[in-house]
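Peer 1: Sending over a structure as structure tokens; questions will come in a sec.
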């Protein structure tokens, strides 16, 4: 009896519990500032921590297009060029309405920002700031995202 339970655990239950439950897309918005490259961070709505614009995939849009849509809604990026391939991924735990936290894998798409707007859907819900990649890496909490940001510094 123990052997079949062990097989079920190893082949089915354990992998399901360890892999991320969801997939999100994120926009790593960049521009050239007076002192070098800058990235755009926004505050999260719940905790106010610094993050990059991200959200769930959007039906009818490719992943890079959905990331660009999130950059508009959360940060006011009116026009930008998004790479079609992600520059990296990171995992974090998203707290759901009931308090349960689920692991989410996030695909990060570089976006070259061409135009910003001061009026956008979540303007009253978030702060935004342009900082160097090094400063951004110090401000975000996710270790894998820190590494992606630090690669931009060089």
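The values are calculated or read from the model by the stated rules, or taken from the named source; none is laboratory data. Worth saying up front: this structure is predicted, and the values here are computed from it rather than measured. As a convention, Cβ positions derive from the backbone with ideal geometry for all residues, glycine included, and neighbour counts pool all protein chains shown.
Peer 1: Restricting to region 83-98, name every residue that is touching a helix residue (DSSP H, G or I) at 6+ places or on another chain (Cβ under 7 Å), closer than 14 Å to residue 68 by Cα and either at pLDDT below 80 or surrounded by 14 or more Cβ atoms within 10 Å (Cβ to Cβ) (or both).
Peer 2: If the condition is that a residue be touching a helix residue (DSSP H, G or I) at 6+ places or on another chain (Cβ under 7 Å), closer than 14 Å to residue 68 by Cα and either at pLDDT below 80 or surrounded by 14 or more Cβ atoms within 10 Å (Cβ to Cβ) (or both), then 83 is the only one that fits.
Peer 1: Give 7, 58 a once-over and let me know the one that is under 20 Å from residue 122 (Cα atoms) and either at pLDDT below 95 or outside any helix (DSSP H, G or I) (or both).
Peer 2: Checking each option against the conditions leaves just 58.
Peer 1: Can I ask one more? Could you list all residues from region 98-119 that are in contact (Cβ under 8 Å) with a residue 60 or more places away in the chain and either within 15 Å of residue 36 (Cα to Cα) or part of a loop (DSSP other than H, G, I, E, B) (or both)?
Peer 2: Within region 98-119, 112, 113 meet the criteria.
Peer 1: Can you name the residue in region 141-151 that is in contact with a strand residue (DSSP E or B) (Cβ under 9 Å, 6 or more places away or on another chain) and surrounded by fewer than 20 Cβ atoms within 10 Å (Cβ to Cβ) and is also nearest to residue 32 (Cα to Cα) among such residues?
Peer 2: Looking at the filtered set, the residue picked out is 151.
Peer 1: If you don't mind, there's one more thing I want to ask. Quick check: anything in region 29-40 surrounded by fewer than 11 Cβ atoms within 10 Å (Cβ to Cβ), in a strand (DSSP E or B) and at pLDDT 85 or above?
Peer 2: yes
Peer 1: Taking residue 67 and the conditions (1) within 25 Å of residue 124 (Cβ to Cβ); (2) surrounded by fewer than 20 Cβ atoms within 10 Å (Cβ to Cβ); (3) free of Cβ contacts under 8 Å to residues at least 60 places away in the same chain, which numbered condition does it fall short on, given that it satisfies the others?
Peer 2: Every condition holds for residue 67 apart from (2).
Peer 1: Related question: Please pick out the residue among 145, 152 that is touching a helix residue (DSSP H, G or I) at 6+ places or on another chain (Cβ under 6 Å), closer than 13 Å to residue 28 by Cα and touching a residue at least 40 places away in the same chain (Cβ under 8 Å).
Peer 2: None of the others qualify; the one that does is 152.
Peer 1: If we keep just the residues of region 120-139 that are out of contact with any helix residue (DSSP H, G or I) (no Cβ under 8 Å at 6 or more places or on another chain) and in a loop (DSSP other than H, G, I, E, B), which is surrounded by the fewest Cβ atoms within 10 Å (Cβ to Cβ)?
Peer 2: 124
Peer 1: Could you list, in sequence order, the residues of region 134-154 that are more than 24 Å from residue 94 (Cα to Cα) and at pLDDT 95 or above?
Peer 2: 134
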